[in-house]
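This report concerns only the one structure given below.
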Amino acid sequence: MSDIEGGRVFREAWIAGVLKHFPGEPKPSYITPWEDTPDWERAAAGAVFDQVAQLLVLSDGNAARLSREQKSRFVATAWTAQMFKHFGDPKPAYVADWPDLPPWQQETDADIFEAVETATA
């Protein structure tokens, strides 16, 4: 799968997760469609998709047996690394540790991992 296709899977899973888990009305930027997503964010989404896909390959698919929390932590850590890559001095909220993320974001990150599982099966 290309980075663009993988990034789109990531973004669509993010939007679906936000709409499912976010309490109340999400910020418009949280649900911006792929076509309107900034280039840096598209690149970051594609990179994280690839990292999850590689984890699945390198574990012979056994990473699918991770708990939802472990899946969520992996996505959150990979995303944080992308924030450091794309921003010299990212906002603290962009690089918050997993326990400091709101529950809706933790759940959305687990949904993203599972969307990558499905897309690469």
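The values are calculated or read from the model by the stated rules, or taken from the named source; none is laboratory data. The structure displayed is predicted, hence computed values, not measured ones. Note: ideal-geometry Cβ built from the backbone for every residue, glycine included; neighbour counts use all protein chains shown.
Side notes on the structure shown:
- Among the candidates 74, 49, 84, residue that is modelled with pLDDT of 95 or more, among the aromatic types (Phe, Trp, Tyr), closer than 28 Å to residue 23 by Cα and surrounded by fewer than 13 Cβ atoms within 10 Å (Cβ to Cβ): 84
- Matching entry among 60, 36, 89 (being at pLDDT below 95 and more than 16 Å from residue 1 (Cβ to Cβ)): 89
- Selection from the range 3-22 of residues that are charged (D, E, K, R) and surrounded by fewer than 18 Cβ atoms within 10 Å (Cβ to Cβ): 3, 5, 12, 20
- Residue check for residue 118: among the hydroxyl-bearing types (Ser, Thr, Tyr) and either over 18 Å from residue 17 (Cβ atoms) or buried (at least 19 other Cβ atoms within 10 Å of the Cβ) (or both): no
- Of the residues making up the range 60-98, those that are more than 19 Å from residue 38 (Cβ to Cβ), part of a helix (DSSP H, G or I), of a type outside the set (A, V, I, L, M) and under 16 Å from the mean Cα position of the chain (by Cα) are 68, 69, 70, 71, 72, 73, 74, 77, 98.
Let's see how each residue does on (1) free of Cβ contacts under 8 Å to residues at least 40 places away in the same chain; (2) out of contact with any helix residue (DSSP H, G or I) (no Cβ under 9 Å at 6 or more places or on another chain):
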residue	(1), (2)
60	yes, yes
64	no, no
75	yes, no
79	yes, no
82	yes, no
95	yes, no
103	no, no
